[in-house]
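The numbers here are math on the coordinates, done by the rules we state, and not lab data. No experiment lies behind these values; they were computed from the predicted model shown. Every residue, glycine as well, gets a Cβ built from its backbone with ideal geometry; the counts of neighbours run over all protein chains shown.
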Amino acid sequence: MVKVVKLIKLSMSSIFICLIAFFTSAQSDSDIIVASVSYEDRISEAIVGKPLDKIIKLSNFQKITDTPGYTNQPYFINSDRALAYTQMIKGEKISQMDILVYDFATQSSTNLSNSLASEYSPTPTPDGKGLSVIRVNSEGKQELWLLQLDDGEAIKNLLPGVEPVGYHVWDGTTKVLLFVLGEPNTLRLATINKPTDQGTVLDTKIGPSLWAIPNSSLHSYTKNMDETTWQLRSVNTQTNSMVALVDMPAGSVHYAWSPQGYAVTAVQNKLYQWKYGSGAKKWTEFVDLTAQCPSDISRVSFSKKGDKIAFVCVRQAPTD
């Protein structure tokens, strides 16, 4: 039984009601499932006679959320002892988004942010003492804020000069790569100790998943190449240069990296892997999760150790 504590009903201004309706209208009800991760040699390795990429294996599936509404954007925190995620909190008249934290020891979730604003995309700060989140204020601005990890208090707008921010990833202790919404969406590099910095535009038409590439000094993102193709790319923030890595499988945009250097993405309810540096032109399907998730899988996220994965399962629409 999944326990959720400290969820409260909130009242907001009419402006904020319209804002939340805008952000949640396209977001499906979903749940988070966590599984154990292992890596196995391919059967063909002995025949080929040279090292090949491992195949990811999943086991010990555990559904850790069971709350109606949007549940998404999982991120392992506290040395993998907990999982932060975004949860829709439904009130009597309106709904909003808060940051919740699931504790693996107690098998319960606590509403961390519990505020009058909506917060998204929880990400550990470089010092591990807080979470950086996308916070929507009463004027509808999406800003990058710092939340205290102990009590969830929003204490600082990290980049007052940049909005609307959609997603982000840290690059060291002061720089942040940003997905900034617009026409088109842009990839920007900004510095938090420069509050008026609007960021340097590095690329356009990008997707929502930003990650550091394990065992490298590079980061990654996806770029919309045409009506049907998304491309996984690396970016060197020292030289502001980009390199094409591999096209994403048709039907996928979100992805995440395992610490072992495997990018993982979902197409419907199947997961695919691609090894950084392998030179492979295509992704490899490694698991069909129909039994665990009859509907689609959206985001995925790996623990820091790489022994766990969290994936978001979209709930099936009720049938008449």
Give the relative contact order (percent, whole number) for segment 100-184; include only Cα pairs under 8 Å separated by 6+ residues. 19 percent
Choice from F61, F302, F179 with maximal GNM fluctuation in the chain (Cα, 10 Å cutoff): F61
Calculated FRET value between S241 and D127, using beta carbons and R₀ = 25 Å, to 0.05: 0.30
Order of M88, M225 from fewest to most other C-beta atoms within 10 Å? M225, M88
Candidates I33, I155, I56, ranked by Gaussian network fluctuation over the chain, Cα under 10 Å, top entry: I155
q = 0.22, 0.23 Å⁻¹: log10 I(q)/I(0) that the Debye formula gives for segment 204-320, counting C-alpha atoms only: -1.32, -1.42
Alpha-carbon Rg/Rh ratio, for segment 84-151, with Rh computed the Kirkwood way: 0.98
Pick from V169, V34, V243: which is most flexible by mean-square fluctuation in a GNM of the chain where alpha carbon atoms under 10 Å apart are linked? V243
For E183, E163, E285, what's the fewest-to-most ordering of other Cβ within 10 Å of each Cβ? E183, E285, E163
Can you tell me the alpha carbon radius of gyration of segment 123-260 divided by the globular rule-of-thumb value 2.2 N^0.38 Å? 1.04
When only Cα pairs under 8 Å and 6 or more residues apart are kept, what is the percent relative contact order across segment 198-294? 18 percent
Order of I213, I192 - criterion: other Cβ atoms within 10 Å of each residue's Cβ, fewest first: I213, I192
